[in-house]
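Working notes for the structure below.
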Amino acid sequence: MSQLSAEHAADTAAEDKSFDSECHPLFREVPSSVEFKKLRKRLLRETRQAISDYKMVPDGASPEKTKWLICLSGGKDSYTLLAVLMDLKWRGLLPVDLIACNLDQSQPDFPQHILPEFFERYQIPNKIVRENTYGIVTDKLPETSTYCSLCSRLRRGILYRTARELGCEAIVLGHHRDDALETFMMNMFFGGRMASMPPKLVNDEGDLMVLRPLMNSSEVDIEKFSKAMDFPIIPCNLCGSQDGLQRVQVKKMLQQWEKETPGRLGIMARALAHVRPSHLHDAQAFDFVGLRPNTGEQGESDQEPCAAADAMTEKLFGNEF
């Protein structure tokens, strides 16, 4: 056992647990601390808010009519996604049928027993799919290239097919707030566009939804929750094993910003939901061509949208300006 695993085991053993027979099997024995209860409640609230804000559940939904395929990789994010959604369903707050799905990509030394045992232990409906995408990726791409794009495309296609076979209307992914911010920064720095991970979209074929209910939740909270729940984490030996990826660099940068100014990532995340097209430069998103004085067409404000400058002005001069 590694030192990190030993420390984790010691921390888990040291924390008091409580037993509750009246909840979903996943939560029947969990930490009894006030901190964990607040964390669990926060994740539930944030997920419910995302589901409501983006209307992820259609009108008239019921477990008999609406199925979601919960994509479980074996990482902390997807375990947390599954647990939170199962908790909401158990409480009667999510009227959909949930099916957990793991795609076994035939990676070397992948522990095939972990997830089936996890599903059986906690009475979770599931589907295990085995496809050798690992062999395809490593055959098609040199070792020096990044595998993420091709691996993701192959994986997504298989999950779409599985969702159709099971009669699901959506596949549900465990991407969170920090993932969205990393994608936004990568698109801006390396792609020359302003785009992120949407919380809800329709696939190219137009027959399935892709949902991300954890979009309001931070990676820090998800990691704390995963450790407290003692999920059997399965490391990725393909994409996750590559060093020097652009996403890794962006993640480190964002984490440093958060360390220097706590709360900054939350502010940045809120910005993704408060877009002002009239103060950007996309002529497709705002009619700059038709913008003229005395025509009824106008932007949202004639002030430059700089929050830092506004805060400093208010601090120095109050309401004088």
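Values as computed for the structure displayed
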| item | result |
| --- | --- |
| Potential extension, Ala285-Asp204 segment - 0.36 nm per residue separation minus Cα distance | 27.0 nm |
| Using distinct alpha-carbon pairs, which all enter the 1/r mean, Kirkwood radius of the range 158-242 in Å | 15.0 Å |
| Two-decimal Rg/Rh across the range 57-140, once Rg and the Kirkwood Rh are taken from alpha-carbon atoms | 1.05 |
| Environment charge at Thr66 (Cβ cut-off 9 Å; Lys +1, Arg +1, Asp -1, Glu -1) | -1 |
| Rounded FRET efficiency, nearest 0.05, which uses the C-beta distance separating Ala273 from Ile114 and R0 of 30 Å | 0.25 |
| Full-extension gain in nm, Lys17 to Ser62, via 0.36 nm per residue minus C-alpha separation | 12.8 nm |
| Inter-probe distance in nm under a simple model that places probes 7 Å from Cα toward Cβ, at Glu223 and Arg42 | 1.4 nm |
| Estimated FRET transfer efficiency when R0 is 51 angstrom, pair Arg164-Arg292 (beta carbons, to 0.05) | 0.55 |
| Cα-Cα over 19 Å, subset of Lys76/Lys227; Lys55/Lys127; Lys38/Lys224; Lys17/Lys127; Lys41/Lys67; Lys38/Lys251 | Lys55/Lys127; Lys17/Lys127; Lys41/Lys67; Lys38/Lys251 |
| By accessible area with a 1.4 Å probe, ligands and nucleic acids excluded, highest first: order of Asp109, Asp287 | Asp109, Asp287 |
| Viscosity 0.692 mPa s, temperature 37 °C, Stokes-Einstein D of the range 18-70 from Kirkwood C-alpha radius, µm²/s | 244 µm²/s |
| Relative packing of 269-282, 77-90, which averages over residues the other C-beta atoms within 10 Å, highest first | 77-90, 269-282 |
| Average silhouette area of the range 252-295, convex hull of alpha-carbon atoms, in square nanometres | 4.7 nm² |
| Distance in nm between pseudo-label sites at Thr261 and Lys55 (7 Å out along the Cβ direction from Cα) | 3.6 nm |
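The values are calculated or read from the model by the stated rules, or taken from the named source; none is laboratory data. Bear in mind the structure is a predicted one, so any value in this text is a computation, not a measurement. Ideal geometry is used to build each Cβ from the backbone, glycine not excepted, and the neighbour counts take in all protein chains shown. These area figures cover heavy atoms from the full protein model, side chains too; ligands, DNA and RNA do not enter into them. Shrake-Rupley method; radii C 1.70, N 1.55, O 1.52, S 1.80 Å.
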